[in-house]
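In what follows, a single structure is set out as structure tokens and then discussed.
The values are calculated or read from the model by the stated rules, or taken from the named source; none is laboratory data. Given the structure is predicted, the values throughout are model-derived calculations rather than measurements. With ideal geometry, Cβ positions are generated from the backbone for all residues, glycine too; neighbour counts draw on all protein chains shown. Note: accessible area is taken over every heavy atom of the protein model, side chains too, but ligands, DNA and RNA are not part of it. Shrake-Rupley method; radii C 1.70, N 1.55, O 1.52, S 1.80 Å.
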Amino acid sequence: MTTHIAPSDFLLPARVHSRIDAFYALWRENCRGGLPEAAQFNLTLLSSTYPLLARIGMDAAGKTLMWRDVAHAGHWPFKTPVKGRPVLQSVPVASIKRVVAAFQQTLSSGIPDYYEATSWSNDGQTVSMARIAVPVSGKSGRELLAYWEVL
């Protein structure tokens with residue numbers, strides 16, 4: 001059975017971090033009649049409020065997830081993303097399959113994705129984090145915005 005859900009009907013958990021909730025609300029405000037344009041989200045301006053924000057899309061061949069734009073954050077909880085480079089170069093090896101599958105699902109379905117990691121090893125420290133990925137329309141088709149929040 002296939003259920004159709006509009007992207008803007010996606011619901012976050014009740015106790016989501018306030019910045020993730022605010023970012024999702026910003027995205028929904030821009031979903032007037034369809035997916036918002038990627039250009040509506042200026043990562044340079046948004047990075048003061050959402051420092052771990054990136055825009056992700058597929059390469060020209062449609063096979064590799066690429067960092068399209070990356071907010072200038074002080075410290076990412078994983079290897080720092082680099083604009084124009086593959087997403088896989090920043091994702092911890094243990095998380096590659098899950099992250100790639102989630103991002104590809106968001107790109108293909110147009111439905112946001114929310115994920116919480118209860119623990120994350122980062123330079124010998126345990127960190128909890130959450131991530132939301134929302135679809136946007138880009139110049140080369142559907143892209144996504146991903147925002148991480150260290151909890």
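What to note about this one:
- Fraction of accessible area attributable to carbon and sulfur, the range 8-148 (%, probe 1.4 Å): 50 percent
- Nearest-20 debye value, the range 40-150 charge dipole, Cβ charges on Lys, Arg, Asp, Glu: 340 debye
- The Cβ shell under 10 Å around S128 holds other residues with a net charge of -2, Lys and Arg each +1, Asp and Glu each -1.
- Dividing the summed helix terms, -39500 (n - 2.57) for each DSSP H run of n ≥ 4, by the number of residues in the chain produces a 222 nm estimate of -6000 deg cm²/dmol to the nearest 500.
- Close amide-amide hydrogen proximity is noted between R85 and W67, each under 5 Å apart and 5 or more residues distant or on a separate chain (H modeled in the peptide plane; Pro and chain starts excluded).
- Dipole of the range 6-88 computed with +1 at Lys/Arg Cβ and -1 at Asp/Glu Cβ about the Cα centre; of I56, F41, W27, farthest Cα towards the positive end is I56.
- Using the Cβ-Cβ distance between F78 and R32 with R0 set to 35 Å, the FRET efficiency from 1/(1 + (r/R0)^6) comes to roughly 0.60.
- Lys-Lys pairs in the chain that are eight or more residues apart or on separate chains and whose Cα atoms lie under 19 Å of each other come to 5.
- Each label point was placed 7 Å from the Cα along the Cα-to-Cβ direction; for I96 and A60 their separation is 2.5 nm.
- Computed over the chain, the quotient of the alpha carbon radius of gyration and 2.2 N^0.38 Å is 0.99.
- Charge sum, other residues only, whose C-beta stays under 15 Å from A73's C-beta, Lys/Arg counted +1 and Asp/Glu -1: +3
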